[in-house]
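Data first, discussion second: the structure below is written as structure tokens.
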Amino acid sequence: KHPCEAANCDDCPTCYLPPPKSCDVTTYTIIIMAHTTGRLKKFMDPLIEMTDEWRGMTEIILVWNSPRTTLIAVNTEKEQQHATQLLAWDKDPSHPLRIFFSLEEGLTNNLLNRYHPKLRPKNQAVMYFDDDGPFFSKEAMVDVGLELWRRNSNIQVGAWPRNIRYLSSRMKVSGKKGLKENIDIVANDAQGENDNLHPSFTPYCRNITQDYVDYNRDSFPDFNAHILLPSGSILHRNFFCFIWHPAFKELREWVAHHKTMPDDITVSMLVSHLAGKAPRTFPREIGTTEIDRNVESSTESGIIAQTILNQSHRRLGLWNKKGWFDMRVEAINSILGYFGSMHQGSLGWCAGTIYSQGNDENQSVCIPEKPTLNLIPWLNEGIGSDHCPTGNKNVKYSVW
């Protein structure tokens, strides 16, 4: 039996937090989780592109949460072609893809399987995508996202953030103060030496002061985000040990039995409390044309957000399901009740730069929302650039 499921805590594993920076890491593992052949067509083309074009990717793990037979006895001809191709790649030692059959490893169909220590990813950096996407570009994930993670490897980073809304005046004041402090710390940390500096978390006092929060499903804010959805997120493999440690067994059971199976909320909250810091976000889209370089407003932000949201029709169906939103609100309040506090909120890619502009709700927004690579501060001579040398030596960006 795996030690993370041991009943005797004398056999419990010792978990180690990741280092604050991983400048020497240049390779990564991609994990995609699936359980039905009906979604194979959604990720086969992106998977092929990742294999052929994404530098530094040395491993793809397909976490299959159904019996192996579901990849063999397939209903349609097209699904059969995809399934046969996946099984062939799994048997090919020269191909980076391997299939992890969860049920054969003694696990159940659980969304948290994508974080299980039994996966044993060969790389420290683990990049996630849902089987139905959205699949963000190489520029967003590798050129920008991985570089941000190398400079912040002890937290969760991602491109698909959600935030919660504080309803009490006390929490609003505390959260706003903490976010401003966090921006100041990052803006003044030229050499990456302030890892131990971070604002205090905002206490959540449900029983004493009747604190309650709301879940924001209407936007993907770079600033003041509290949860990162799995697709487009990057996490250090050391967190796997914590997520499946016996100490958090009741959390895993809660995820498995909750009607919304809120693994995203749980992982973001657990990682932030282990790290003592908020997650970081990076742009979902990177401009690659001259037109993109000339965009200086956020008028397209609503279109971008809706386009990304529309890539996941399954989630749209869930949100339209009666009571789904209320159950998500209940889930975030339950997990906050478990931990008793909330981190100060994420920082956008533009934190501390001229591209950060004021906004009453989130304090700041990044404009343009679709930046080109020469605007990303940590890729150029901006905030974070001196924390690590840029991993891609073949790409030269304009001076920031």
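The values are calculated or read from the model by the stated rules, or taken from the named source; none is laboratory data. Bear in mind the structure is a predicted one, so any value in this text is a computation, not a measurement. Note that we place each Cβ from the backbone using ideal geometry, even for glycine, and neighbour counts take in every protein chain shown. The accessibility values were calculated without ligands, DNA or RNA, using every heavy atom of the protein model including side chains. Shrake-Rupley method; radii C 1.70, N 1.55, O 1.52, S 1.80 Å.
Summary of computed values
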item	result
Failed condition for Gly348, given (1) modelled with pLDDT under 90; (2) surrounded by 20 or more Cβ atoms within 10 Å (Cβ to Cβ)	(1)
Subset of region 202-213 that is buried (at least 19 other Cβ atoms within 10 Å of the Cβ) and in a loop (DSSP other than H, G, I, E, B) - its residue that is modelled with the lowest pLDDT	Asp211
Residues of region 264-290 that turn out to be among the acidic types (Asp, Glu) and assigned to a loop (DSSP other than H, G, I, E, B), as a count	1
Qualifying residue in region 25-44 (condition: free of Cβ contacts under 8 Å to residues at least 12 places away in the same chain and on the phi < 0 side of the Ramachandran plot)	no
Residue check for Ile72: within 21 Å of Thr37 (Cα to Cα), at pLDDT below 95 and open to solvent by 10 Å² or more (accessible area, probe 1.4 Å)	yes
Selection count, region 91-105, where residues are farther than 16 Å from Thr36 by Cα, open to solvent by 50 Å² or more (accessible area, probe 1.4 Å) and within 26 Å of the chain's Cα centre (by Cα)	2
Search result, residues across region 22-56 that are open to solvent by 10 Å² or more (accessible area, probe 1.4 Å) and under 17 Å from the mean Cα position of the chain (by Cα)	Met33
Identity of the residue in region 214-248, within 30 Å of Pro368 (Cβ to Cβ) and among the aliphatic types (A, V, I, L, M), that ends up modelled with the lowest pLDDT	Ala225
Exclusive hit being open to solvent by 40 Å² or more (accessible area, probe 1.4 Å), aliphatic (A, V, I, L, M) and modelled with pLDDT of 90 or more, set Ile354, Ile367, Ile376	Ile354
Residue match in region 37-60 (condition: in a loop (DSSP other than H, G, I, E, B), of a type in the set (A, V, I, L, M, F, W, C) and modelled with pLDDT of 95 or more)	yes
Matching residues in region 94-142 - criterion: being part of a strand (DSSP E or B) and hydroxyl-bearing (Ser, Thr, Tyr)	Tyr128
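Conditions (1) in a helix (DSSP H, G or I); (2) over 15 Å from Glu330 (Cα atoms); (3) open to solvent by less than 10 Å² (accessible area, probe 1.4 Å), marked per residue:
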{"position": "Lys172", "(1), (2), (3)": "yes, yes, no"}
{"position": "Lys176", "(1), (2), (3)": "yes, yes, no"}
{"position": "Asp184", "(1), (2), (3)": "yes, yes, no"}
{"position": "His198", "(1), (2), (3)": "no, yes, no"}
{"position": "Phe220", "(1), (2), (3)": "no, yes, no"}
{"position": "Ile234", "(1), (2), (3)": "no, yes, yes"}
{"position": "Ala247", "(1), (2), (3)": "yes, yes, no"}
{"position": "Val255", "(1), (2), (3)": "yes, no, yes"}
